[in-house]
Every structure is written in structure tokens, then in C-alpha cells.
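Notes for the one structure printed next.
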Amino acid sequence: MRTEQKMPWTPYPPLAAVVFMALVVVSLWRESSEVESPALPGPAAVAKSAPAAVKASPVKVPETVAAFTAFAQADLPAGWPETRAQTARGLRLLADAMATRGDSTLWRDRAVRLVDLAAAVEQAPDALQAADAAHGALVQAADWIEDLGPAPIAAGPGNPLVAAAKAVDADHPLREQSKELDRFFDAAARALAASRA
């Protein structure tokens, strides 16, 4: 009869299994650490995302609105072609400010249309056609700016912006209407300053 011989116990097989499992875990950990995880926001990013009410500093006026306001505060030159060129420049600055205040596709489209109207003023073949183009552009801009207000503003003689736009006469050269143009740009600057940011 044959007797079974018992093999002496050695720690190598269990130790090999433990080492193998450790290598698998380390390998998986290295693969997961090589995948880029999104960086946590730093203090600057957290400060930027804080609500406006928490910030101690006053609300900053957008650069485009500030540029238009600076333009409106200066007197328009009387004379051709300076008055016509400055009127077109004011309309372009106003378009930029409206697009910033409105901050939507609608307002960016309106800004493009106002820039086109400014080009029509500047490139009109004669002084009366330039005045007609300017009158139309100013009335259109006044109607649009009404929509930017914190509450809808009724169009009509009570609205200083609409009144100032209509005061620019389509039948008189712009060089004779620098005061009326100044009044319009001043009223537009005040309306933009009061509009929602």
C-alpha cells in the first residue's frame, strides 16, 4: 500500500498571490491618476462666480456704454463733413452700447442694423439725404432703446429720447443741427445708464 507523502508547507504561493493583487491595484490606480480630472476652481475663480450682491465694489459700467457716454458728453462740431461723420460715429458707438446692454441675438442684430444706418448717413450723396438717413436712424434707435429700460417707456411727446430723435429735421443739413444731435445723444446716454445691465 502506498502512503501519501505530505509536502512541506511553504509561504510562496500565498505571498505570490498577495503580490500579484497589489500589482493589479497599483496598476489600476496609476491609470486612473493619469486621466485628467477637472481642476478645482482657485480663489480667483470662486471670487468671479460670487453673486453681485456679495461684492463690495460698485457695479462696473460696460466699456461700450462708457465710450458712448464720453462721446455724448462732448459737443458735436458744427459743419460739414464733421457733423455728418461725428453723427455716424455716435450711431456706431450707440450700436455697441445697445448690443452690450441688450446682450442677446436680437440686440446684436439691432446693433448691426444701426451700424448700417450709420454708414448710410456717412455715405449719403448729399447733405439732405444724410439728414434724412440720420433722422430715420435716430428715431429707430430711440424706439429700440425704449425696450432696454427697466420698465417699458411709453413712446410719445413725454419721452425725451423720442422727442430728441424727432427734433432732428430730415429736411435740414446736419451741420445746422448740432444742438439737436447733442440733445439726442445726451438723452440716449441717460437712457442707457438707467437701463438694466
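The values are calculated or read from the model by the stated rules, or taken from the named source; none is laboratory data. This one's a predicted model, so the numbers in the text were calculated from it and none came from an experiment. Positions of Cβ are backbone-derived with ideal geometry, glycine not excepted, and every protein chain shown enters the neighbour counts.
Inside the range 88-128, residues that are surrounded by 19 or more Cβ atoms within 10 Å (Cβ to Cβ) and free of Cβ contacts under 8 Å to residues at least 12 places away in the same chain make up a count of 0. Residues of the range 145-158 being crowded, with 18+ Cβ neighbours inside 10 Å and either modelled with pLDDT of 95 or more or not in a helix (DSSP H, G or I) (or both), which ones? Listed by number, the list holds a single entry, ILE153.
Just to be sure before I move on: is LEU114 more than 22 Å from ARG84 (Cα to Cα) and either modelled with pLDDT of 90 or more or part of a helix (DSSP H, G or I) (or both) in the structure I sent? No.
Per the listing ARG196, ARG190, the residue uniquely modelled with pLDDT under 95, part of a loop (DSSP other than H, G, I, E, B) and within 29 Å of the chain's Cα centre (by Cα) is ARG196.
Within the range 63-85, track down each residue that is of a type outside the set (D, E, K, R) and either touching a residue at least 60 places away in the same chain (Cβ under 8 Å) or touching a Cys at 6+ places or on another chain (Cβ under 7 Å) (or both).
So the first thing to find is which residues in the range 63-85 are of a type outside the set (D, E, K, R), and the list is 64-74, 76-81, 83, 85.
Passing the criteria: VAL65, PHE68, THR69, PHE71, ALA72, GLN73, LEU76, PRO77, ALA78, GLY79, TRP80, THR83.
Note on the range 63-94: residues that are modelled with pLDDT of 95 or more and under 12 Å from the mean Cα position of the chain (by Cα) amount to 0.
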